[in-house]
Amino acid sequence: MVPAIQITGLHKTVRVGFRRREVVILRGVDLDVHENDVFGLLGPNGAGKTTTVKVALGLMRPTAGSVQLGVPGVSQVGYLPENPYFYDYLSGREFLGFCARLFGLDASRRRERVEELLREVGLERAADAQLRKYSKGMLQRVGIAQALVNDPQLVLLDEPMTGLDPVGRVEVKRIIQRLHETGKTIMFNSHILSDVHELCTRIAIMREGRVAWTGAVSEALAEAPTLESFFMRVVTA
Amino acid sequence: MNQVVAIAVNTFRETIRDRVLAVIVVFALVMIAGGLWLGSISLGEQGRMMKDFGLVAVTFFGLIVAVFIAAGLVHKEVEKRTVFVLFSKPVSRAAFICGKFIGLCGTMAVVLGGMGVFLFLLVWIVAHDASGMLLVAVAMIYVQLLAIMAVTIFFSTLGSAILASVLGICVFVAGQLSHNVLSLTRLSHNAVTAALSWIVYVVIPNLSAVDVKAGVVGESTLSWGEIGVWTAYLLAYVVVVLALATLVFRRKEF
């Protein structure tokens, strides 16, 4: 199977503070995400999940190692950052139109795509309100919509369920399932293991800048009664 | 190109709708109108006082808007992490910097255009002394502020928004004086001082070169040819500074 993301020996070191102290974030991450996977990237805070995604997207440069995407470039990738903030004085419709324009969609296709997305994430009624008036859940949904504006083959979502009420979570899960059904590859970071259990085909558990375990959810559940107990066993080993 | 236009339009929308901008513009208009009072207490020089005071108000408030918005443009995107959304799409760092700058140019054109037309109408109605030169002077203030906006954006790629604002204002002040300092140090016959002031003169934009305020009140001023040449110089300066800002920003990780 062709990997949608192939990460090999990824290292990342950053320098922080006035004295430029070295901090090692990634210590050799090896990871394969296959086409049409719903891939869950798990791990405690500071394990290196977000950094791995940022390097994959080119927002950070790797110190060593490589990332290969199975798509022709960022034009086929959608990304939702953690705790997204968007432009306060733009409306949801304007913001999505702006994102569509970044991908070079012409005016009529742009309008069409924006309306499709607003419907898909349930923001039609709030489409003309300025983003500063949106609730956290609404911002998360507009964030997901902007990640899908280019109809990407590969979708990376950083904590997509954070801050959502139960209704919002159900809606986001439905969107992820729909993307999966249409043949997309989805990788998301999450601390909510019940969602991971429900949605993911494969997972990786990161610990201290490395992938400590990777495999199918069913393989994890064959080794422990719940995903939570398996996760705890891996991260405390 | 599509990306530059998209970012420029987005920046224009975002900045023009900012309430802080509206407050500053209202203050500016009140200050310009304050020239009426100054004019009324000056003997026979009402028009001159109104124009002088009005152009100073346009420069001052234009500078505040230019520096504070330019300082926040790039920094806010990094701080609030909207850059994650932008740079995960096919947007280059150069397109980002250019788009931001062009969008701010649009906002400044609206702000300075509004203040300039308001001043022109005020002088025309009250003192019957408005000339096209008044609008040329406002246009030249705009050209000066383009250079300051570019410099401030450059500084904002290096450090905090506050530092960029302060340095932007410093460059504006130094740019008004750099030519005079160069002339004065040449008189001192000290080679080191002359060389240093020449370096400063090259690095800091010579803003006084496009200052045509004197022409508005009937004193001698630059010819159209000189205005054209110095405007081209400041625009070239803008291009160089934005290229440097792009180089710095390219090295940044988020």
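We did not get these values from a lab; they are worked out from the coordinates using the rules stated. The shown structure was predicted, so the numbers you read here are calculated from the model rather than taken from an experiment. Positions of Cβ are backbone-derived with ideal geometry, glycine not excepted, and every protein chain shown enters the neighbour counts.
Apply the membrane-span-like helix rule to chain B: whole DSSP H runs, Cα extent along the own long axis of at least 24 Å, mean Kyte-Doolittle hydropathy at least -1.0. List the helices found.
Span-like helices, by this rule, are B:19-40, B:46-79, B:93-122, B:132-158, B:161-188, B:224-250.
Three principal axis extents, largest first, for the C-alpha atoms of region B:104-156, in Å?
Principal-axis extents of region B:104-156 (Cα, largest first): 43, 16, 12 Å.
Tell me, what does the Kirkwood hydrodynamic radius of region B:61-198 come to in angstroms if you use every pair of distinct C-alpha atoms?
Taking every pair of different Cα atoms in region B:61-198, averaging 1/r and inverting gives 17.2 Å.
What number comes out for the charge environment of A:THR185, summing +1 per Lys or Arg and -1 per Asp or Glu over other residues with Cβ under 9 Å away?
Taking every Cβ under 9 Å from that of A:THR185, the sum is -1.
Determine the distance separating the Cα centre of region A:104-129 from the Cα centre of region A:130-164; give it in Å without decimals.
With region A:104-129 and region A:130-164 each reduced to a Cα centre, they are spaced 13 Å.
Can you tell me the orientation of helix A:136-147 relative to chain A, as the angle in degrees between its alpha-carbon axis and the longest Cα principal axis, to the nearest 10?
90 degrees
Which Rg and Dmax, in Å, describe the Cα atoms of the protein assembly as shown?
According to the Cα coordinates of the protein assembly as shown, Rg and Dmax are 27.7, 96 Å.
Taking the Cβ of B:GLY47 as the center, what net charge do the other residues with Cβ under 15 Å away carry, scoring Lys and Arg +1 and Asp and Glu -1?
Here the count lands on -1.
Provide Rg and Dmax in Å for region B:158-254, with only Cα atoms included in the calculation.
My reading of the Cα-based Rg and Dmax gives 16.4, 53 Å.
For chain A, the longest stretch holding no trypsin sites (Lys or Arg not before Pro) located in a DSSP loop with at most 13 other Cβ atoms within 10 Å is which?
Counting only loop sites that pass the neighbour cut-off, the longest clear stretch is A:126-237.
Could you work out the mean count of beta carbons from other protein chains within 10 Å of each residue's beta carbon in A:79-91?
5
Of all DSSP beta bridges located in the protein assembly as shown, what percent are antiparallel, nearest 5?
60 percent
Can you give the calculated 222 nm mean residue ellipticity of the protein assembly as shown, where each DSSP H run of n ≥ 4 adds -39,500 (n - 2.57) and the sum is split over every residue, rounded to the nearest 500 deg cm²/dmol?
-20000 deg cm²/dmol
Using square roots of five times the C-alpha gyration tensor eigenvalues, list the equivalent-ellipsoid semi-axes of chain A in whole Å, biggest first.
30, 21, 18
Tell me, what is the Rg over Rh of region B:2-250, with Rh the Kirkwood radius over Cα pairs?
Dividing the radius of gyration by the Kirkwood radius yields 1.01.
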